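Okay, so here's the structure we're looking at.
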Amino acid sequence: MANVWKTCNKIRAAAFRVGLNLWDWYRPLDPSGNCLISESKFISVLAGPLRSVIGLTDEEISQLADYFRAQDGRVLYHQLCQIIHGEDASDRNRTSSDCLLEACPPPPEPRCRTLDQWQLRRLCCLLATIAQRDLPLRPYFQDYELVAKNDGRITFAHFARILNFVGILLSPEDFNLLVRRFIKDSYTIDYVEFLKALEAVKKEGIQGLGPAYLNPNAVIDTTPPKLSRPEIEAGLPSTLLGVEVFHPALQQPKPTRGLVDIMLRVQEFVMQRRIRVSEFFRDFDPLNSGCIRPQQFRRALDTMGFNAILSDMEAMCIIRHYTDPNDKERVCWRTFEDDCDQVFTIKELEKHPDVQPGAVAAAVSQLPPPGSAVESNQLTDQQQELAEAALSRIRAACKERAVDLRPIFGDHDAHKSGHVAHAWVRSALSRVGALPPPELVRALEMRYLDRNGFNYHALLRDLEDQRAEGPSEVGTVPRSRVTSRSSPHETDIVQILAKIKGKMVREGIRPRDFLQQFDKQNELVIPRADFYRGLASAGLSLTPVEMDTLMEVFSAPGRRRFVEYDRLCATVGEALTQGGLERAPLLHPLAHAPPPATNTFLNFEERSVVAKAIDKLAKHHDQVSNILEVFKEADKECCGSVPPAVVQRALCRRDLLALLSARELELICKCFGYKRGCGDEVNYRALCSALDIVHATSKAQPC
């Protein structure tokens, strides 16, 4: 029994694979229709043309013949066909009592035949209109039944011809609605149910639906007319009433993004939140195969928070892109992790020495804000000019009234995110009397609006820009693409070496410790890529031009791709120790004094201006003006330096600011400048000492 059942499963799989029907092979061999054929005919079909399709052995065929053999020696082939295919659909005279699948429940009704509430309402109107005419439809259907000898069913074409003959003209939509309601199988309609529905409508007392349905020659069409939408034809639904309306329903749909743009946003999300991608995928891959199922991949994306920046279609695009080419049911999460981690580092960088890390992070940092008009390329040149004109008007109004917009916008920014709601922009500008015309405000909103709201931090940064630029002077090239020319100091090898020596003396850095690890063969030369990587690891912040100049000067003779790092280390090592002292025992070495980190170099003209300014301030030195106490009060950390703005405020408190011009004050801050952290400050102790010295030496003392 088990072997016979395995053989039936084998035949069923072949029938499903190639669309085989055993009824078509055995029915011609049984002209009498008694469901019995000889054993030779039964075996000739399975062992003949179907052997290559099904692949049965002689033993399996003989077992089937023995199992379905009747008492007279013939074979009941219909039992095998019923087990494989079910009841023969072509034989309508045979009842379903012989079918072995009779106990199975009937299949559910297809979804294409179900009607929603609007379609049911339209169908009721259609049946009411047909029933109101009181047409004799039953004789026409009975004539077709006498000819075709059917069981209450009629074809689609004949149903349409009968309706057309009696004068019922239907639109294609209404005819399809009737077909979906009264369909019996794939090509016939149950006209008995159709006539019963019409009789039910007549008994319920249907009222007239209007004069348009009383004309027998008119085409019955129950399609409601479309509503007029003048706001869509106008193009600007928010400005029809003369006021601006801010509602999500009036916003433009989000444009579709390509795979490259989607991955850039994913990398930006990972870099901003410092997400370690592998931690979210590792639990779904216990065998560490690098592939997981798409449902698990999507669950990990939602856990990381990507559902806030990605739609369902964009997430499916990522899943399809990273699908394993060898297994369509798996997603390569290792590849996705490597692409996301490129904003931090590049895997296997030692195999690609020419690759410069950091390019992906730089490209991600230059992305426009998500949801802004710049991202979707909707900000035209005309709108850019209008936005610059609005900025000029707001800057002039704020300067004239001495108004600071930061606290005004900050009152509406409860979360301190740098964004305010769209509706608060006009209110904030109108409070200070700096509200431009509506077209300029609309262009300003297009420039600074993004997904989080109105970016007022970017607006304040542009307002603080002191360059007086008109709307026509604004270029179309972004600031990030403007390249500055290299200064002469970047190509001077003496200043470059002095910069390296100063870094070594201040921080105790030894470049040899970072460069010698790349010289495995002790050749005293290393490739340029390793030289660049070693100096970057040492913390020597050199510009690309300075790095190229340094590598050209210390390049190996005959091997331009290599750099003599030993000669460089010996040259800059003079800042820490002096070589050859064993040959000069009487020589006293001097420590290297590096220049200050801030560039305080003044030319002759600038030194003359500073000398005159110092002479003016020396008449009010510290013993007279007590300005040192003002500086100490502003220096909370007692580090000896204050910002230039504090210097200006201190001079103003002691009535000394009126003695200096703007250029003299700027040059004094440059002369006594001191680099602290990321900004430049002024060494007020040196300034006060210089004022005391100049005051003491300005007049000759009596003998």
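The values are calculated or read from the model by the stated rules, or taken from the named source; none is laboratory data. It should be emphasised that the depicted structure is a prediction, and the values quoted were computed from it without experimental measurement. Ideal geometry is used to build each Cβ from the backbone, glycine not excepted, and the neighbour counts take in all protein chains shown. Please note that ligands, DNA and RNA were not included when accessible areas were found on the heavy atoms of the full protein model with its side chains. Shrake-Rupley method; radii C 1.70, N 1.55, O 1.52, S 1.80 Å.
Testing Ile394 on (1) more than 27 Å from the chain's Cα centre (by Cα); (2) surrounded by fewer than 18 Cβ atoms within 10 Å (Cβ to Cβ); (3) aliphatic (A, V, I, L, M); (4) on the phi < 0 side of the Ramachandran plot, one condition comes back false. Which one is that? In the conditions (1) more than 27 Å from the chain's Cα centre (by Cα); (2) surrounded by fewer than 18 Cβ atoms within 10 Å (Cβ to Cβ); (3) aliphatic (A, V, I, L, M); (4) on the phi < 0 side of the Ramachandran plot, Ile394 misses (2) alone. Scanning the stretch 305-352 for residues that are among the small types (Gly, Ala, Ser) and loosely packed, with under 12 Cβ neighbours inside 10 Å yields a single hit, Ala308.
Taking each residue of the stretch 632-659 that is over 18 Å from Lys675 (Cβ atoms) and looking for partners that are open to solvent by less than 50 Å² (accessible area, probe 1.4 Å) and assigned to a loop (DSSP other than H, G, I, E, B) with beta-carbon atoms closer than 8 Å, six or more apart or interchain, yields Leu651/Leu660. Out of the residues in the stretch 535-567 that are in contact with a Pro (Cβ under 9 Å, 6 or more places away or on another chain) and at pLDDT 90 or above, state the one that is nearest to Pro589 (Cα to Cα). Ranking the candidates gives Tyr565 first. Any residue at all in the stretch 655-664 that is open to solvent by 70 Å² or more (accessible area, probe 1.4 Å) and over 18 Å from Leu617 (Cα atoms)? Taking every residue of the stretch 655-664 in turn, none turns out to be open to solvent by 70 Å² or more (accessible area, probe 1.4 Å) and over 18 Å from Leu617 (Cα atoms). Only one of the listed residues (Val270, Val260) is part of a helix (DSSP H, G or I), hydrophobic (A, V, I, L, M, F, W, C) and open to solvent by 80 Å² or more (accessible area, probe 1.4 Å). That residue is Val260.
Residue by residue, here is whether (1) exposed (fewer than 14 other Cβ atoms within 10 Å of the Cβ); (2) of a type in the set (Phe, Trp, Tyr); (3) closer than 17 Å to Val75 by Cβ holds:
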{"residue": "Val4", "(1), (2), (3)": "no, no, yes"}
{"residue": "Cys8", "(1), (2), (3)": "no, no, yes"}
{"residue": "Phe16", "(1), (2), (3)": "yes, yes, no"}
{"residue": "Arg27", "(1), (2), (3)": "no, no, yes"}
{"residue": "Asp30", "(1), (2), (3)": "no, no, yes"}
{"residue": "Gly33", "(1), (2), (3)": "yes, no, yes"}
{"residue": "Leu36", "(1), (2), (3)": "no, no, yes"}
{"residue": "Ser44", "(1), (2), (3)": "no, no, yes"}
{"residue": "Ala47", "(1), (2), (3)": "no, no, yes"}
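Considered as a group, the residues in the stretch 302-318 that are among the β-branched types (Val, Ile, Thr) and part of a helix (DSSP H, G or I) include one that is modelled with the lowest pLDDT, and that residue is Thr303. Name the one entry in Phe518, Phe562 that is touching a Gly at 6+ places or on another chain (Cβ under 9 Å) and farther than 23 Å from Val505 by Cα. Being touching a Gly at 6+ places or on another chain (Cβ under 9 Å) and farther than 23 Å from Val505 by Cα holds for just one of Phe518, Phe562, which is Phe518. Set side by side, the residues Val355, Val441, Val403, Val360 differ, and just one is open to solvent by 40 Å² or more (accessible area, probe 1.4 Å) and either in a helix (DSSP H, G or I) or within 30 Å of Thr335 (Cβ to Cβ) (or both), which is Val355.
Of all the numbered requirements in (1) part of a loop (DSSP other than H, G, I, E, B); (2) open to solvent by 80 Å² or more (accessible area, probe 1.4 Å); (3) closer than 22 Å to Phe531 by Cβ, Gln378 misses one, and that requirement is (3). When Ser608 is tested against (1) at pLDDT 85 or above; (2) under 48 Å from the mean Cα position of the chain (by Cα), just one condition goes unmet, and that condition is (2).
Cβ-Cβ distances below 7 Å connect the following pairs, each with a first residue in the stretch 308-327 that is within 13 Å of Met263 (Cα to Cα), a second residue that is at pLDDT 90 or above and open to solvent by 40 Å² or more (accessible area, probe 1.4 Å), and a separation of six or more residues or different chains: Ala315/Arg298; Ile319/Arg298; Tyr322/Thr335. Read through the list (1) at pLDDT below 85; (2) closer than 26 Å to Glu605 by Cβ; (3) out of contact with any Ser or Thr (no Cβ under 8 Å at 6 or more places or on another chain); (4) surrounded by fewer than 16 Cβ atoms within 10 Å (Cβ to Cβ), then give the number of the only condition that Lys675 fails. With respect to (1) at pLDDT below 85; (2) closer than 26 Å to Glu605 by Cβ; (3) out of contact with any Ser or Thr (no Cβ under 8 Å at 6 or more places or on another chain); (4) surrounded by fewer than 16 Cβ atoms within 10 Å (Cβ to Cβ), Lys675 is out only on (3).
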